[in-house]
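Structure record follows, encoded as structure tokens.
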Amino acid sequence: MEQQSVNPAIGSILDEQKLKNIVYPAKLFRARLNEEFLRANRSCRPFIYIKIYAHQYDFFGWGSPSSTVEKTWRISILTMFSHLRFIDVLGFLPDSNGIGMILLNSDMNKLVAIRKEILHKLNDAGLIQSLRIKPRKPIFEAYLYMGSQEKTNLEMQAKLDEFNSTNGAFFTLQRLNLDQIWQHPHKIRYRHIIKRIVDLTCTSAAIVVCSPLLLFCALAVKISDPKGPIIFKQTRVGKNGKLFTMYKFRSMYADAEERKKALMAQNETGGKTFKMKNDPRIYPFGRVLRKFSLDELPQFFNIIKGDMSIVGPRPPIPSEVAEYEPWHRMRLSVTPGLTCIWQVSGRSNISFEGQMRLDNDYIRRDGKIGDDFKLILKTFKVVFKGEGAY
């Protein structure tokens, strides 16, 4: 097994507690975290992932050691460790500055109970006043994963906000996202930077080159249906569930959204997204826009803003995300894009489940810029043929 460098503060507290749990090295602990994430998706049983950092003297804003701060930190950590069961997972964090815990089959109620016990012990020790000083970093960073349908997760958000509002910065609680688990290449900083530079450079050039086409499409939309706006703005879901406004040339009549409910029974994707080949809400020139994906051109400006990338899963609308199963949400772990695997593999002819699987396949790829360029070239080929777009 690999040697693990241990922060002295963490090491001493582990020796003192004499835990029966195996303390995994960082790589194995991350592997277990990924395993429990996938297991939760199958079993729909929640778990809590907790990060505990070792630089305790900085937590409360003091640069030098303090016996009060040290006692507060030790009581808090030892109380947290006392809740470990043999089925729970303990391991070192990648930076060797802390330790992580995975409390299996545990939800927010478990965390509330632990927090109350810690506060009671600090009060009995006469240390509760130390928590009134706002720390630089929380003692515990907790992440909750429900392994349930997204609608249920969204209903939990109010409870998460309430939990954080009553804890100051002693505890923080967030929903667990896939990019906090997987060390896929999108987590590598230099690839983030390169991808962003490529996005900005290529998109800026595309806006200049395509400006006559952009003007032509804008004029054609206004002439085709003068009642509505040229640009259709719609709220979409971006990376880790962040909402943003996406731009498109309007390809439907102005009352399209009102007419959608009456057409839902004719949905041809077999899933949460709505598509039908002969959608009566699309005006004639709008079909041309869609066939050759010209309606997507205003999303160049979404890329410039940073809401989107050139290559990435297409951004869904909030009502679709609310119906996601746990594994569907994996596609939200990266920045959405103009094109991705399923856009060059059949476009709207692919079922909803097929789209989800192809998007997740992209996330699992090694993220080489060369692979993104191959997808872009395939996109040009598919767009010119106009197949699978409606």
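Every read-out reported here was derived from the displayed coordinates using simple, explicitly stated rules and does not represent laboratory data. Predicted, not measured: the structure shown is a model, and the values here were computed from it. Glycine also receives a Cβ, built like all others from the backbone with ideal geometry; neighbour counts cover every protein chain displayed.
Structure above, values below:
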| item | result |
| --- | --- |
| Separation in nanometres of the label points that stand 7 Å from Cα toward Cβ, at K137 and I231 | 4.1 |
| Amide H contacts of Y324 (H built 1.01 Å from N, under 5 Å, at least 5 apart or other chain) | E150, K151 |
| Placed amide H near Y24: partners under 5 Å, 5+ positions off or other chain | L90, G91, F92 |
| Inter-probe distance in nm under a simple model that places probes 7 Å from Cα toward Cβ, at A31 and F216 | 5.6 |
| Rg and Dmax [Cα atoms of the range 285-354; Å; Rg one decimal, Dmax integer] | 12.9, 38 |
| Gain upon complete extension [K121, S319; 0.36 nm per residue less C-alpha separation] | 66.8 nm |
| Length released on extending from I193 to V112, taking residue separation times 0.36 nm less the Cα-Cα span | 25.3 nm |
| Where labels lie 7 Å past Cα in the beta-carbon direction, separation of N105 and I369 in nm | 4.9 |
| Relative packing of peptides 114-123, 320-329, 197-206 - highest average C-beta neighbours within 10 Å first | 320-329, 114-123, 197-206 |
